[in-house]
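Engineer: Please find one structure pasted underneath; my questions will follow.
The values are calculated or read from the model by the stated rules, or taken from the named source; none is laboratory data. Owing to the predicted nature of the structure, the values given are computational and were not obtained by experimental measurement. All Cβ positions, even for glycine, are placed from backbone atoms using ideal geometry, and neighbour counts span all protein chains on display. Quick note on the areas: whole protein, heavy atoms, side chains included, nothing else; ligands and nucleic acids left out. Shrake-Rupley method; radii C 1.70, N 1.55, O 1.52, S 1.80 Å.
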Amino acid sequence: MPPATTDEVTKPVFHPAFTVNNIKNSIPLTLDRNDDRYSSWVELFHIHACAFNVLDHIDKTHPKATDIDSATWDRLDAIVKQWIYSTISQELIHTIMKPGATSFQLWSRLKEIFQDNAATRAV
């Protein structure tokens, strides 16, 4: 039997982020509007996103992966959105949730909320 050509065999895309079962094991904080843990939460989230190669979903200074197709990128974005929603309070979920938003848009909205709060608290 002749060897299979690349057209005949398509490998499923495997990405390390697909293996995360419980984000709370890596990010034990629940971000809440009324506490001062935003910086800690961001640091833990960045570490986790870097470790699982999805930093480009929350940090536009990090280059977007070129070795994955758009369907996989969208799936990874959905996973990062799940991570965000799983590590913030219900109040924040309702504040930032927007149908069709990307994880970067959610991330940016949280940043706006906490940076504005920091300025308000300083006054």
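Engineer: Ratio of the range 36-108's C-alpha Rg to 2.2 N^0.38 Å, to two decimals?
Structural biologist: Ratio of Cα Rg to 2.2 N^0.38 Å: 1.09.
Engineer: Sort the following peptides by mean Cβ neighbour count (other Cβ atoms within 10 Å, averaged over residues), highest first: 63-72, 90-99.
Structural biologist: Ranked from most to least packed, the peptides come out as 90-99, 63-72.
Engineer: So what is the relative contact order of the range 19-94, in percent, for Cα pairs below 8 Å that sit 6 or more residues apart? Can you show the working numbers first?
Structural biologist: Details: 46 pairs, mean separation 33.9, N = 76.
Normalised by residue count, the contact order of the range 19-94 is 45 percent.
Engineer: To continue, here is another question. Rolling a 1.4 angstrom probe over the protein chains, ignoring ligands and nucleic acids, what is the accessible area of LEU44 in square angstrom, nearest 10?
Structural biologist: 60 Å²
Engineer: Amide H neighbours of ILE88 under 5 Å, at least 5 residues apart or on other chains, H built in the peptide plane: list them.
Structural biologist: Residues meeting the criterion, in which the H sits 1.01 Å from N, are LEU31.
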